[in-house]
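To start, the structure itself, in C-alpha cells.
The values are calculated or read from the model by the stated rules, or taken from the named source; none is laboratory data. All values reported here derive from a predicted model rather than from experimental measurement. Neighbour counts run over all protein chains shown; Cβ positions are idealised from the backbone, glycine included.
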Amino acid sequence: MNYTDYFENTLRDLKDEGNYRVFADLERHRGAFPKATNRGDENREVTIWCSNDYLGMGQHPDVIAAMHDTLDQVGAGAGGTRNISGTTHQHVMLEAELADLHRKEAALLFTSGYVSNWAALGTLAAKIPDCLVLSDALNHASMIEGIRHSKAERKIWRHNDLAHLEELLAAQPLSRPKLIAFESVYSMDGDIAPIAEICDLADRYNAMTYLDEVHAVGLYGPRGGGIAEREGLMDRIDVIEGTLGKAYGVIGGYIAASSALCDFVRSFASGFIFTTALPPAVAAGANASVRHLKSSNAERRAHKDKVAEVRARLDDIGIPHITNPSHIIPVMVGDPVKCKYLSDVLMADHGIYIQPINYPTVPKGTERLRITPSPVHSAEDIDNLISALETLWAKCQLARLPLAAQ
Ligand code: PMP
C-alpha cells in the first residue's frame, strides 16, 4: 500500500463531502472575549459565537489570578502521575470542592471530560461483573468509546425514550448489574434528559445511573451544580461527570460519586493512573472558577438573557433553529457544503466565527451552525450576527420559517 496516497485520497473524499475540518488560528486576548484575533486571516478581529467558554470564565480575573499565583508559587507541571508524586495540594482541594458542588462524598479529577468518561465508564462497565450498559443513542463519543473499550454488553436506547429504556431494562433479570449512561444537556440539539424519570426506572430495575453534565455544570442550578442540582436530583445519580473546560473556562474533567466508587475508579482506571496529573495552576484556576460560580448567579442570569435575546432575534427574521430548553442554539442548514460555505463567509465578510457542525458530529442532513451566546456578547455583537445571518440566508436562498408559524 502507498500510505501517503491512501491518506491523501481519504482526505480528498472528506473535502468533497464538505466534512474536512479546518481550524481557525485564533489568538485570544485577556479580558477581550468574545473578540479574538484570527492569526490565520491577516490578524483580523473576529467575534467568536461558537465557544464552549459559555460564561467567559476563561477570562475571569479570579481565575487568571489563581493561575498566576499558583504558577508563581509552585511552578509549571505536576511532576508525575497522580500515583507517583503528581497529587498536589491543588488537586486535593479541587476534588473536595467538586465533591461539595455535587453533594457527593468524593470526586476524582481527570485530564479532560473526555478522559473522565472514557476512563470511568470504561472501568465501571469492565469491572462490575456481567454489567449491562444502557447507553442513550446520542451519548457523546467519549462515553461510547469508554463503553466499547470495556467490552461489556451494551444496549442503545432511543434518545430520551423512556419506554424504550424500560423495555430494555425489563428484559433483564432484576439481579443483573446495569449501568444507565446518559447526558443532561445534549450538546448538539440542546435538549435535556428526563432525569427524574430515568432515576425512577433505575430504582425499579436495580440499575446505577451515570450522568454526563458537561454542558450543564456551572450553568444550571443555584450553585452551578448542573441540571441535577436544579431539579433536586443529585442524590439520585450515582455518578455525575463534568468538565472544567467549558462553563468553568479552564480544562479538566471529573466524576463525583460515593467514596467507594471514586476509590474503585481511582484504583483501576488506566486513563487515571497512567497519565501525568493536570498542572497545579490549572487545578487552582478551575477551583477559583467553580468557587466563583457557586456563589455568583450574575453570570448565569446574564447568560440566560443573552440566549433568549438571540433566539428571539432569529425568530424575528425566520431563521430556523431547534427550540430547546437550554443555552445551545442550533441553526439548521441541512447540507454540509452550504454549512461550511456559510461559516467561511461569516468569517471572511463579517468577522463572525461560527464553526460548521457536520457529520459525523451530527447525522447527515442535520448540518448546522451551533451558536452559543455568552454574557459578554454585546448588543452590537448580536446586531452584527443577526444582520449577517439575514444577508446570507437571502444570498444562499436558504429556507426560512414562515413568519406566521413562529
Ligand atoms: N461529554 C460531552 C457531552 C461533551 O460534549 C464533551 C466535549 N465536547 C465531553 C464530554 C468532553 O469534555 P472535554 O472537552 O472536557 O474533554
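The table for this structure:
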{"quantity": "Looking only at the stretch 307-325, and only at residues there that are more than 19 Å from Ile192 (Cβ to Cβ) and out of contact with any Asp or Glu (no Cβ under 8 Å at 6 or more places or on another chain), the one that is surrounded by the fewest Cβ atoms within 10 Å (Cβ to Cβ)", "calculated": "Ala312"}
{"quantity": "Some residue of the stretch 185-207 being outside any loop (DSSP other than H, G, I, E, B), closer than 15 Å to Glu241 by Cα and either assigned by the TED database to the domain that holds Cys50 or within 16 Å of the ligand (Cβ to nearest atom) (or both)", "calculated": "yes"}
{"quantity": "Condition check for His60: at pLDDT 95 or above and out of contact with any Leu (no Cβ under 7 Å at 6 or more places or on another chain)", "calculated": "yes"}
{"quantity": "Elements of type helices (runs of 4 or more DSSP H) contained in the stretch 232-335, each with 3 or more residues being within 16 Å of the ligand (Cβ to nearest atom)", "calculated": "280-295"}
{"quantity": "Residues of the stretch 1-21 satisfying the condition of being under 23 Å from Asp349 (Cβ atoms) and free of Cβ contacts under 8 Å to residues at least 24 places away in the same chain", "calculated": "Lys15, Tyr20, Arg21"}
{"quantity": "Given (1) within 24 Å of Ala269 (Cα to Cα); (2) touching a Gly at 6+ places or on another chain (Cβ under 9 Å), number of the condition Val239 does not satisfy", "calculated": "(2)"}
{"quantity": "Strands (runs of 3 or more DSSP E) within the stretch 104-183 that include 1 or more residues crowded, with 21+ Cβ neighbours inside 10 Å, within 16 Å of the ligand (Cβ to nearest atom) and in the same structural domain as Cys199 (by the TED database)", "calculated": "106-110, 132-136, 178-183"}
{"quantity": "Qualifying residue in the stretch 75-95 (condition: within 16 Å of the ligand (Cβ to nearest atom), within 28 Å of Tyr220 (Cα to Cα) and aliphatic (A, V, I, L, M))", "calculated": "yes"}
{"quantity": "Counted residues, the stretch 28-60 - those being within 27 Å of Ala298 (Cβ to Cβ), in contact (Cβ under 8 Å) with a residue 24 or more places away in the chain and surrounded by fewer than 17 Cβ atoms within 10 Å (Cβ to Cβ)", "calculated": "5"}
{"quantity": "Looking only at the stretch 228-264, and only at residues there that are basic (Lys, Arg) and within 20 Å of the chain's Cα centre (by Cα), the one that is surrounded by the fewest Cβ atoms within 10 Å (Cβ to Cβ)", "calculated": "Arg230"}
{"quantity": "Selection count where residues are acidic (Asp, Glu) and at positive phi, scope the stretch 17-38", "calculated": "0"}
{"quantity": "Some residue of the stretch 218-229 being without any contact (Cβ under 8 Å) to a residue 24 or more places away in the chain and of a type outside the set (Lys, Arg)", "calculated": "yes"}
{"quantity": "Selection from the stretch 43-62 of residues that are acidic (Asp, Glu) and under 15 Å from Phe23 (Cα atoms)", "calculated": "none"}
{"quantity": "Test: residue in the stretch 25-41 that is part of a loop (DSSP other than H, G, I, E, B), over 30 Å from Glu380 (Cα atoms) and of a type outside the set (A, V, I, L, M)", "calculated": "no"}
{"quantity": "Criterion violated by Ile328 - all others in (1) surrounded by fewer than 21 Cβ atoms within 10 Å (Cβ to Cβ); (2) within 18 Å of the chain's Cα centre (by Cα) satisfied", "calculated": "(1)"}
{"quantity": "Residue match in the stretch 369-392 (condition: surrounded by fewer than 17 Cβ atoms within 10 Å (Cβ to Cβ), out of contact with any Asp or Glu (no Cβ under 8 Å at 6 or more places or on another chain) and under 21 Å from Met188 (Cβ atoms))", "calculated": "no"}
